[in-house]
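Scroll down for the structure; my scribbles are underneath it.
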Amino acid sequence: MRKNGDVIAAVAAAEPDKAAVYEIGDDESGMRLDRWFRRRFPDLPQSHLMKIVRKGEVRVSGRRADVSTRLAAGESVRVPPLRMPAGQGPAVRRASPGDREAIRAMTLFEDRDVIVLDKPYGLAVQGGSGTKRHIDGMLEALADKNGERPVLVHRLDRDTSGVLLIAKSRKIAAELGATFRSRGAKKIYWALVEGVPKPAQGRISMFLAKGEGMGEARGAGPGRADLERMRVASHGDKDAQHSLTLYAVVDKVAPRLAWLSMRPVTGRTHQLRAHCEAIGHPIIGDPKYNRRPANDPARSDPLRAVPPGLEPMLHLLARRLILPHPRGGIIDVTAPLPAHMRHSFAMFGFDVSERDPIEDAPDE
């Protein structure tokens, strides 16, 4: 067995038709099972991972597990024979030329433990079906001589721009991940939304559940795109999770649109996008949660319709992240507006130096 939770690799190498056992070290504690697999087996198709987990072939300390199971130090993961092509076992994916420079160009802050990136619009954070270039893969370019590479602490949607936190070791990632799960991280997002929410400052509290086309069924069958959305659910519904967002209107072009500042207290998938749609003020440029029909009165009324000239891109920015640093002190980083939002803010005379009222909002 190797140091820091490395695998009992000899089993897999010498006996490819037998299951291998991997022990989880302190630096992997808190990691989701699916993320652990992506790290150890970067070429394993997601569909195959879902299949072996569903069939119970993957065991965590002898128990059946789900892809969302959190791993703890000292536990063991049983991995069945994967029968992957030679050379595609537990290995590090090669970095592409230019990845190091691209990561450096995105960097807003860095010290010996963390890197904070300004993730651009349209760049995925992790790989998926058809996704070749993503932040997680690009981080391989920063691996040290021992193969230790930076680790994602949280995620942003592909079309959400802004602050993304990276840890330089799994130990630091585990500590920061625990901070996120305990709601010790304060996240502020900016968005442009259709219409003007009332009241001007408040909270959005509801239960959300994943659509039928998310998770294992993602991308399967015709018309799945309509089902790959979070849906509003009721307490007690299967898979329903409570979600809470604090919001404040910073500025507006009444009654057509508003600049919204939001603080997600919980961290559900697509939470802000689903919340804005649920209260009747979808985010401008959102292809998944902004589907008002062409004959909607709000679109046909020139006094209420969103002004022409806005770029058809998601107007959502992870503006600021504040949380305790594992070694003491505070990480507090702010991202600039992406180009398409700068253009929109300039159109309406919105001033980014204006006081953000969400900063004074209570924590709940």
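Tell me, what is the per residue accessible area of the chain in Å², probe radius 1.4 Å?
On the way: 17800 Å² over 364 residues.
Here the residues of the chain average 49 Å² of exposed surface.
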Mind listing the long-range amide H neighbours of Met31? Cut-off is under 5 Å, sequence gap 5 or more, other chains count too, H placed in the peptide plane at 1.01 Å from N. Leu71
Starting from the 7 Å offset along Cα-to-Cβ, what nm value, one decimal, do you get for the label separation of Thr266 and Asp296? 2.4 nm
The summed charge of the Phe348 Cβ neighbourhood (under 13 Å; Lys/Arg +1, Asp/Glu -1) stands at 0
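So how do 311-319, 250-258 stack up, highest first, on mean other-Cβ count within 10 Å? Mind dumping the intermediate values first?
Working: 311-319: 22.1, 250-258: 18.1.
Result, highest mean Cβ count within 10 Å first: 311-319, 250-258.
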So, how do all the Cα-to-Cα distances of the stretch 255-297 break down into 5 Å bins, in percent, from 0 on up? 5, 19, 30, 26, 11, 5, 2, 0
Measure up Lys210/Lys288; Lys145/Lys171; Lys186/Lys238; Lys55/Lys119 against 25 Å on the Cα-Cα distance and list the ones that go over. Lys186/Lys238; Lys55/Lys119
Let's test this: bin the Cα-Cα distances of the stretch 256-327 at 10 Å from zero up to the farthest pair and state each bin's percent. 15, 47, 24, 10, 3, 1
Local charge sum around Gly328 (other residues, Cβ-Cβ under 15 Å, Lys/Arg +1, Asp/Glu -1)? -2
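Where in the chain are the DSSP H helices whose alpha-carbon span along the long axis reaches 18 Å or more and whose Kyte-Doolittle mean is at least -0.5?
Working: long enough: none.
Long hydrophobic helices here: none detected.
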Just tell me which lysines come within less than 19 Å, Cα to Cα, of Lys198; anything on the same chain fewer than 8 places away is out. Lys252
With a 1.4 Å probe and every protein chain kept in, tell me what percent of the accessible surface of the chain is carbon plus sulfur. 49 percent
Obtain the nm distance between the two label points defined at Asp332 and Ser205 by a simple spin-label model: each point lies 7 Å from its Cα along the Cα-to-C-beta direction. 2.9 nm
Compute the Rg to Rh ratio over the chain from the alpha carbon atoms, using the Kirkwood formula for Rh, and round to two decimal places. 0.98
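The values are calculated or read from the model by the stated rules, or taken from the named source; none is laboratory data. It should be emphasised that the depicted structure is a prediction, and the values quoted were computed from it without experimental measurement. Reconstructed Cβ throughout: ideal geometry from the backbone, glycine too, with neighbour counts over all protein chains shown. We work out accessible area using only protein heavy atoms, side chains counted, and drop any ligands, DNA or RNA first. Shrake-Rupley method; radii C 1.70, N 1.55, O 1.52, S 1.80 Å.
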